[in-house]
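Data first, discussion second: the structure below is written as structure tokens.
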């Protein structure tokens, strides 16, 4: 078993990664890619197509660089430094929009808009480059049967504090908070501060030497290796297809908040309220998915993840119709963000844990990098979602229905997947018999 090999530093590493996970989540509460950023862009006058493009750029910036990181890390037995450098640079960038807004008053608007988009892209590129090493580091430091506990604990702490952060966001964007644009500058600054604590936490981990390839392959050697992985590993190939179809949820992701502000005419301060409501979904889902992961494995979490993903556009479609004439609409629409954050909480306990457990240790970076780079294709869905709105005259009903239908295609695929943990136990038993 792997746990004795890391037990000497297990407790320190566990809590370092918990606090890293926790404060990263709190930072996102202040610069939420599905709440604060779309709200800020909309306030600056960005079109639906541009907001959709921004959502795609955020996802692509995190996902696409990971294949480059995977090749570079192939022969690196130590991964920690390859986490710290790229994420450190990306997080420092978050200071730039705060400084620009305070010094220029967000004028001209096109400059603030351009700077914000560039900074957000730079932040996610840095985090994406560091994430392959981070997942490998997590797999080395925390045994499979404890990873659900780590992610659940980190999300629970993050959720509790992000819930409070949501009220702060609501106050900042409300009538009693700082005036525009200083309110958004303050949110960028708070996001940077939380990300800095996250960076410090992961720097405290103690890493031991891991298994790696003997040499760093050239691109001519590396690309055929990727094809060979997909060709020989049938379960991984099926998983990749399921993950791409699940990504169809991205058609509507960046438009739930603009729909609330521009169509339902809800006040801007609901951004903070929905941040808090979403955090409740994160906390509940983190505890539930952590328990399910430990008891039943990551495959079960994937199934629930797809069900939640389908429920998000369904809620956006139904809630405004059920509460159209009610004063409770501003609260009821929060169900969309509760479900959205609950769905996001399934990513680590379900989708990523499945890959980490399925991949051979020496090829873990390749599996993670290939998975997330292919997921980069799903970033195009947000652009498509923006185009659907343009073509239909901002008909959000059509967008939400198309999203629901797309996600239904993902539902049957996980039934054919194995549970990697059970395969691992069977392999260890056979080795013991030998």
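A viscosity of 1.567 mPa s and a temperature of 4 °C, combined with the Kirkwood radius over C-alpha pairs in the Stokes-Einstein formula, give region 216-281 a diffusion coefficient of 82 µm²/s. The stretch between residue 206 and residue 225 holds 3.8 nm of extra length on full extension. This uses 0.36 nm per residue minus the Cα-Cα distance. Between 58, 225, 269, which gets the highest mean-square fluctuation from a Gaussian network model of the chain, Cα cutoff 10 Å? Per the Cα network of the chain with a 10 Å cutoff, 225 tops the list. So the label point goes 7 Å from the Cα of residue 110 along Cα→C-beta, right? Which residues of region 32-57 then have their backbone N under 20 Å from it? Residues passing the 20 Å test: 41-54. When the chain is treated as a GNM with alpha-carbon contacts under 10 Å, the residue of 163, 323, 337 showing the greatest mean-square fluctuation is 323. Note on residue 405 and residue 75: their simple-model spin labels are 5.1 nm apart, each label 7 Å out from Cα toward Cβ. Sticking with the crude label model, points 7 Å out along Cα→Cβ, report the distance from residue 11 to residue 235 in nm, one decimal please. Between residue 11 and residue 235, the simple spin-label model gives 3.4 nm. The order of the peptides 302-311, 97-106 by mean Cβ neighbours within 10 Å, most packed first, is 302-311, 97-106. Residue ranges 389-402, 128-141 sort as 128-141, 389-402 when ordered by packing (mean number of other C-beta atoms within 10 Å per residue, highest first). Per residue of the chain, the DSSP helices (runs of n ≥ 4 H) give a summed -39500 (n - 2.57) that works out to -24000 deg cm²/dmol at 222 nm. Taking the longest Cα principal axis of the chain as reference, the axis of helix 298-322 is set at about 10 degrees. Between residue 85 and residue 160, the modelled labels are 3.7 nm apart [label points 7 Å from Cα along Cα→Cβ]. If you average the C-alpha positions of region 336-367 and of region 1-78 separately, how far apart do those two centres end up, in angstrom? Going from one Cα centre to the other spans 12 Å. The Cα center of region 92-161 and the Cα center of region 296-334 differ in position by 25 Å. For residue 263 and residue 244, the difference between the fully extended length at 0.36 nm per residue and the C-alpha to C-alpha distance is 3.9 nm. Residue separation of residue 380 and residue 179 scaled by 0.36 nm, minus their Cα-Cα distance, works out to 68.9 nm of gained length. For the peptides 403-414, 251-262, 191-202, the ranking by mean Cβ contacts within 10 Å, running from highest to lowest, is 251-262, 191-202, 403-414.
None of the figures in this text is laboratory data; all of them are computed from the coordinates on show. Predicted, not measured: the structure shown is a model, and the values here were computed from it. Cβ coordinates were reconstructed from backbone atoms using ideal geometry, including for glycine residues, and neighbour counts include every protein chain displayed.
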